[in-house]
Amino acid sequence: MRSLAEFITASPSAFHAADVVRSAFVGAGFAEDSEITPGGHVIVQDGSVIAWWVPERANPRFRIVGSHTDSPGLWLKPNPEFAGEGFRQLAVEVYGGPVLQSWFDRELAFAGRIVLDDATSHLITTLPIARVPNLAIHLYRSDAPEMDRQTHMQPVLCVDTPMVDIMGEAAGVDPKHIVSHDLIAVDTQAPAAMGDLLAAGRLDNLSSVHASARAFLAAVADAPADGDVLVFASFNHEEIGSATAVGAGGPLLERVLAKLAGDMGDPLDVYAASSVISADAAHAVHPNYPQKHDPTHRPLMNHGPVLKINANQRYASNAVTEALWHRACAVAEVPVQTFVGHNAVPCGSTIGPISSTRLGIPTVDVGVPLLSMHSARELVGLQDQAWFEAALTAYYKGA
């Protein structure tokens, strides 16, 4: 598996991220099938990827790490072009909950998949073609202009080529055969390391996909003949609620686990003995907005991965699963930080409560601390990322 910066660059959409992970697993000897035989297996569906490793003599227990491949942004509408004041523009829909102002004045490409009239799909990434222009300060004279999702977020198409032709060129196909697309805007600025920090798009949640995939491969590389069944799951559609066929609220993982558990005994007993780590980015304390954070739980950059706790179960952690995470971090010699939300500030959520509700498997929510979460460009600590991978590896290896 490549470095985090390389992985982010190669994964401009959820579909690309799932394909990069699939390729890494296939390169490590995994079969692209849904079998339950000993060895590694991987399946990909609509931007989600599930992989599992079955030892020769498997314990009736799963060790699962779940994450998500999608990130918030601007989704291209089916009829993508319209005219406005002499400009050609692209019609987009806001996907998830992006920090809207972060998408202005960036050179945007579009990435995802197109589907042809023969039902084949092609992954594409266009060149930089568009920009959401800011309003000049002379025209509003305040700290921020009015911002409407429909009116003010439509990018200007900065080239003369029709969008369908741009898609065809990116895929190397005749555009007349394109019948549909799933494309999202991509900030084309490359990831940049600044000392021990990395600035990049889509760190929520490609930081977790990357760390868990590397940990999974490391554990499999020297897995014993006797051991737990190891499972990697990374879902699409977390940013829009996960209630889709391939989201964490859908049947994809459950079907795989049910098939595996059927060979291992009573599925209820197998699930009760198993565990899930929900791996998703966490909030680092913001130095300019410290009042937004709980006064006794203030995760810092490069001070360790974060254990996320919420009494109202916005995170699925509880005392038992928290101890599981502490144990993995102790084995890996990784420091642990804790995030609990400020009572007067809204709290986000993850796939943790969703998957644990569907599966009934004990779950803990963890992740690396970020600044600027849901911005077009986020910030992560490189030491946190390395520690996170080490702790997930320890968990997969039986800690």
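Structure notes:
- Restricting 185, 170 to residues that are assigned to a strand (DSSP E or B) and either within 22 Å of residue 93 (Cβ to Cβ) or of a type outside the set (Gly, Ala, Ser) (or both) narrows the list to 185.
- Those residues of the stretch 173-231 which are among the acidic types (Asp, Glu) and within 19 Å of residue 367 (Cβ to Cβ), in sequence order: 196, 204
- Candidates 261, 218, 282, 233, filtered to the one that is closer than 23 Å to residue 325 by Cα, of a type in the set (A, V, I, L, M, F, W, C) and surrounded by fewer than 23 Cβ atoms within 10 Å (Cβ to Cβ): 218
- Looking across 316, 328, one residue alone is touching a Gly at 6+ places or on another chain (Cβ under 7 Å) and surrounded by 21 or more Cβ atoms within 10 Å (Cβ to Cβ). It is 316.
- Annotation note: of 228, 263, the sole residue that is of a type in the set (Asp, Glu), under 16 Å from residue 52 (Cβ atoms) and assigned to a loop (DSSP other than H, G, I, E, B) is 263.
- Criterion: in contact (Cβ under 8 Å) with a residue 12 or more places away in the chain, within 19 Å of the chain's Cα centre (by Cα) and under 30 Å from residue 276 (Cβ atoms) - qualifying residue of 211, 190: 211
- Of all residues assigned to the stretch 48-68, none qualifies as being touching a His at 6+ places or on another chain (Cβ under 7 Å), at negative phi and not in a strand (DSSP E or B).
- In this entry, residue 118 is excluded by the filter for residues that are within 17 Å of residue 12 (Cβ to Cβ) and modelled with pLDDT of 95 or more.
- Only helices (runs of 4 or more DSSP H) whose full extent lies in the stretch 286-399 are considered here, and the ones with at least 2 residues that are closer than 21 Å to residue 242 by Cα and under 21 Å from the mean Cα position of the chain (by Cα) are 351-359.
- The single condition from (1) of a type in the set (S, T, N, Q); (2) over 21 Å from residue 185 (Cβ atoms); (3) surrounded by fewer than 19 Cβ atoms within 10 Å (Cβ to Cβ) that residue 67 fails is (3).
- Restricted to the stretch 190-215, and to residues there that are assigned to a loop (DSSP other than H, G, I, E, B) and of a type outside the set (Lys, Arg), the residue that is least open to solvent (accessible area, probe 1.4 Å) is 201.
- Any chance residue 91 is within 24 Å of residue 363 (Cβ to Cβ), in contact (Cβ under 8 Å) with a residue 60 or more places away in the chain, of a type outside the set (Lys, Arg) and assigned to a strand (DSSP E or B): no
- Unique match (being assigned to a strand (DSSP E or B) and either in contact (Cβ under 8 Å) with a residue 24 or more places away in the chain or farther than 26 Å from residue 27 by Cβ (or both)) among 233, 248: 233
- Going through (1) open to solvent by 60 Å² or more (accessible area, probe 1.4 Å); (2) over 28 Å from residue 243 (Cβ atoms); (3) assigned to a loop (DSSP other than H, G, I, E, B) one by one, residue 149 falls short only on (2).
- Considering residues of the stretch 75-99 that are at pLDDT 95 or above and acidic (Asp, Glu) only, the residue least open to solvent (accessible area, probe 1.4 Å): 81
The values are calculated or read from the model by the stated rules, or taken from the named source; none is laboratory data. What you are looking at is a predicted structure, and each value in this text was computed from that prediction instead of being measured. When we count neighbours, we look across all protein chains shown, and the Cβ atoms used for this are built from the backbone with ideal geometry, even at glycine. Accessible surface is based on the protein model in full, side chains and every heavy atom, while ligands, DNA and RNA are left aside. Shrake-Rupley method; radii C 1.70, N 1.55, O 1.52, S 1.80 Å.
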